[in-house]
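We did not get these values from a lab; they are worked out from the coordinates using the rules stated. Everything numeric here is computed off the predicted structure, so don't read it as measured data. Virtual Cβ from ideal backbone geometry, glycine too; neighbours counted across all protein chains shown.
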Amino acid sequence: MTRLSNDPADFADEALAGFCDLHAGLVRQVPGGAVRRRRPAEPKVAVLAGGGSGHYPAFAGIIGTGFADGAVVGNIFTSPSAQQAYTVARAAESGAGVVFTYGNYAGDVMNFGLASERLTAEGIRAENVLVTDDIASAPVAESERRRGIAGDFVVFKAMGAAAEAGMDLDEVVRVGRKANERTRTLGTAFSGCTFPGADAPLFTLPEGHMGLGLGIHGEPGLRDVPLPTAAELGRMLVEGVLAEAPEGAAPDRAGARIAVVLNGLGSTKHEELFVLWATVAPLLREAGYEIVAPEVGELVTSLDMAGVSLTVTWLDDELEELWLAPAETPAFRRGSVAAGSAVESADDGAGPAAAEEATPSSEGSREYAAACVEALGAASARLVELEAQLGALDAVAGDGDHGRGMVRGAGAALLAAREALEAGRGAGSVLAAAGDAWADRAGGTSGVLWGAGLRAWGEAIGDLEVPDAAGVSAGVAAFSARIAALGGAQPGDKTLVDALVPFETELQRAVVRGASLADAWADACGAAESAAAATAGLRPLKGRARPLAEKSVGTPDPGATSLAAVFAALGPALIAAANYEEVSA
């Protein structure tokens, strides 16, 4: 288990700080992650790997010549926020554009996408390359829905070498997508990983079994099978991966070349990997393949998970050259890196922070803003109470971080709201500030959704009027519409939307028929709580739980559960403030 920590909530931040101090000759810490110590003297495409913490040496460990220009680092198993991605990109960008590359997870897609939009609006070209190598997470016909796991390493390496060779942004993106299309991974877990401060792993396995088809965020395997011998496991992995050889990539008489990574997930010892390799390598050669510069070790981990994965990339002349190209990073070195032209950089690259111009606010709105802060305080306290429960729900078919992420997000939102209130902002600006802080601090899918939703709510009510019941209902509708547009989930997908839509619908219905806000809010909370409980019977169609759909059946969705709880906690303060306005009017 993960034993060494101070405050578990600070584990990822402290780990990054320690890493950057240890490898100060190669990397430097910036807001949101780390970048190369020395920037290129001439414009060069910046390749930025990213994702949650807990996967070392991915992603910060591969920063360096011939590999990544920077890494965007989120909390444990949580996607970085759009703000983190933006600030790291500004620190690494040298005039030729940036490309974010990451595993195919909803939170990463949303946050890196939002950061790309912001960079593009500022005149910096930004592209995204998603890795989808996990053959267990979706069928071939739905390969675009597959997760990115240890194949990240090969795809990132190809892109980094391409950028180092001077390819432009379009070519680096093309190389990355080609490498991804020719990469396949299958993995298995022997035991679950344990979050810092936790007293139990995210999942357990029956005695003498392993979980085949693991993820790298603490998710259990897709199915539990009896634990085989090393030789049996080697054959299982090889046969599974080779069965998905890309079209036209099967070996011919002259042999086909492949890059191979046999990856340890965190607690499987090198000696065990060597034993497994003794089966894997002969089987690959017997199948007609020539193995090019194989890697055996820990390259994309999952904290202290015991498990292994096998990655194969079918090479052509271009990909082979890039796979073999020199690299020098804290965790990976290959060949001899030629001395290049680079300059020391001490600034964070993010540019001057644009001060947000305060909008005019009324006294009534500022008073209502105080009620919003009180409501956020109640929600934050309630999430602290539910953190362990929400984490347990999430661990059934996800990565177990939902409770911690919600606590971090709500806590940051509360602090930002208080600061905005003290600065004399109205209610709309207070909620918008809370939303931005929630998204930045929580990261992940729920973080970006809650952040965007709160900002939309704030924009809907503004800084001049005190909302009556209809105004509160309109704010909730704006919150819901923004989440629907950003996340794309529908009722029945087993997400927070399954509780949000009934809440919004019942609130609006009750307000329209003339109910008081207190009665309308109570009815809406009841609808949301019932809907959240009913998600136990659904199969997830969105998010990280989707590949583990069968395991999820019987367990309520954590996002729907937390949403119902948060709205129940928000109610008293918002109702009291709105009722005062209704009575005084």
Notebook entry, point to check: What angle, in degrees between 0 and 90 and rounded to the nearest 10, separates the Cα long axis of helix 444-461 from the longest principal axis of the Cα atoms of the chain?
Noted result: 30 degrees
Next item on the list: May I ask for the distance between the Cα centers of region 246-315 and region 47-113, given as a whole number of Å?
Entry: 25 Å
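Taking every pair of Cα atoms in region 184-258, average 1/r, invert it to obtain the Kirkwood radius, and report Rg/Rh to two decimals. Write out the running numbers ahead of the final one.
Values: Rg = 16.0 Å, Rh = 14.3 Å.
My calculation of the ratio gives 1.12.
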Check: What is the Cα centroid distance between region 136-150 and region 460-529, reported in whole angstrom?
Finding: 35 Å
Next item on the list: Please compute the net charge surrounding Phe100, taking Lys and Arg as +1 and Asp and Glu as -1 over other residues with Cβ under 14 Å from its Cβ.
Entry: -2
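Give, in whole angstrom and from largest to smallest, the semi-axes √(5λ) of the equivalent ellipsoid of region 263-310, with λ running over the eigenvalues of the Cα gyration tensor.
On the way: eigenvalues 98, 22, 12 Å².
Semi-axes (√(5λ), whole Å): 22, 10, 8.
Only four residue types carry charge here, +1 at the Cβ of Lys and Arg and -1 at the Cβ of Asp and Glu. Report the dipole size of region 1-131 about the Cα centre in Debye, rounded to the nearest 20. Spell out each step's value before the answer.
On the way: 10 positive and 12 negative charges, 77 e Å.
It comes to approximately 360 debye.
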Check: What is the local net charge at Pro556, summed over the other residues whose Cβ is closer than 11 Å to its Cβ (Lys, Arg +1; Asp, Glu -1)?
Finding: -3
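Is the chain best put as rounded, prolate or oblate by its Cα gyration tensor, with a ≥ b ≥ c the root eigenvalues, rounded for a/c under 1.5, and otherwise prolate when a/b is larger than b/c, oblate when not? Present the calculation step by step, with values, prior to reporting the outcome.
Values: a/c = 2.28, a/b = 1.56, b/c = 1.46.
It comes out prolate by the Cα gyration axes.
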Notebook entry, point to check: For helix 82-92, what angle does its Cα long axis make with the longest principal axis of the chain, in degrees from 0 to 90 and rounded to 10?
Noted result: 50 degrees
Check: Say the dipole of region 245-310 comes from +1 at the beta carbon of Lys and Arg and -1 at that of Asp and Glu; which of Asn263, Ala287, Val308 then lies farthest toward its positive end?
Finding: Ala287
Checklist line | Convex hull projection area averaged over all views, region 419-488, Cα basis, nm² | finding: 4.5 nm²
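In debye to the nearest 20, how big a dipole does the chain give about its Cα centre with +1 on each Lys and Arg Cβ and -1 on each Asp and Glu Cβ?
So the magnitude is around 760 debye.
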Notebook entry, point to check: Which of Gln83, Ala460, Thr185 sits farthest toward the positive end of the charge dipole of the chain, with +1 on the Cβ of Lys and Arg and -1 on the Cβ of Asp and Glu?
Noted result: Thr185
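Ranked highest first by average number of other Cβ atoms within 10 Å, how do 408-419, 431-442, 135-146 line up?
Working: 408-419: 23.2, 431-442: 27.6, 135-146: 15.8.
Result, highest mean first: 431-442, 408-419, 135-146.
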Next item on the list: Using the Cα centre as the reference, give the magnitude of the dipole from point charges on the C-beta atoms of region 363-584 (Lys, Arg: +1; Asp, Glu: -1; all else neutral), rounded to the nearest 20 debye.
Entry: 740 debye
Next item on the list: Give the Rg (one decimal place) followed by the Dmax (whole number) of region 1-131, computed from C-alpha coordinates and expressed in Å.
Entry: 13.9, 46
Next item on the list: Alpha carbons only, please: Rg and Dmax for region 158-224, in angstrom.
Entry: 18.2, 52
Check: If we count every other residue with Cβ under 12 angstrom of Trp450's Cβ, Lys/Arg +1 and Asp/Glu -1, where does the sum land?
Finding: +2
Next item on the list: Output the peptides 28-39, 90-101, 56-67 sorted from most to least packed, where packing is the average of other Cβ atoms within 10 Å over each peptide's residues.
Entry: 56-67, 90-101, 28-39
Item checked: Extreme residue, positive dipole direction of region 1-131, given options Gln29, Asn6, Gly51 (C-beta unit charges) -> Gln29
Next item on the list: Calculate how many DSSP beta bridges within the chain are antiparallel, expressed in % of all such bridges and rounded to the nearest 5.
Entry: 60 percent
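Per 0.36 nm of contour for each residue apart, how much would the distance between Val512 and Asp316 grow if the chain were fully extended, relative to their Cα-Cα spacing?
Numbers: separation 196, 0.36 × 196 = 70.56 nm, distance 6.42 nm.
Contour length minus the Cα-Cα distance gives 64.1 nm.
Of the peptides 209-222, 376-389, how do they stack up when ordered by the mean number of other Cβ atoms within 10 Å, highest first? Provide the component values of the computation, followed by the final result.
Working: 209-222: 25.5, 376-389: 18.1.
Taking the mean over residues of other Cβ atoms within 10 Å, the ranking is 209-222, 376-389.
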Note to self: Counting only pairs 8 or more residues apart or on different chains, how many lysine pairs in the chain have their Cα atoms under 18 Å apart?
What the structure shows: 5
Notebook entry, point to check: So how compact is region 363-584: Cα radius of gyration and Dmax in angstrom?
Noted result: 16.4, 53
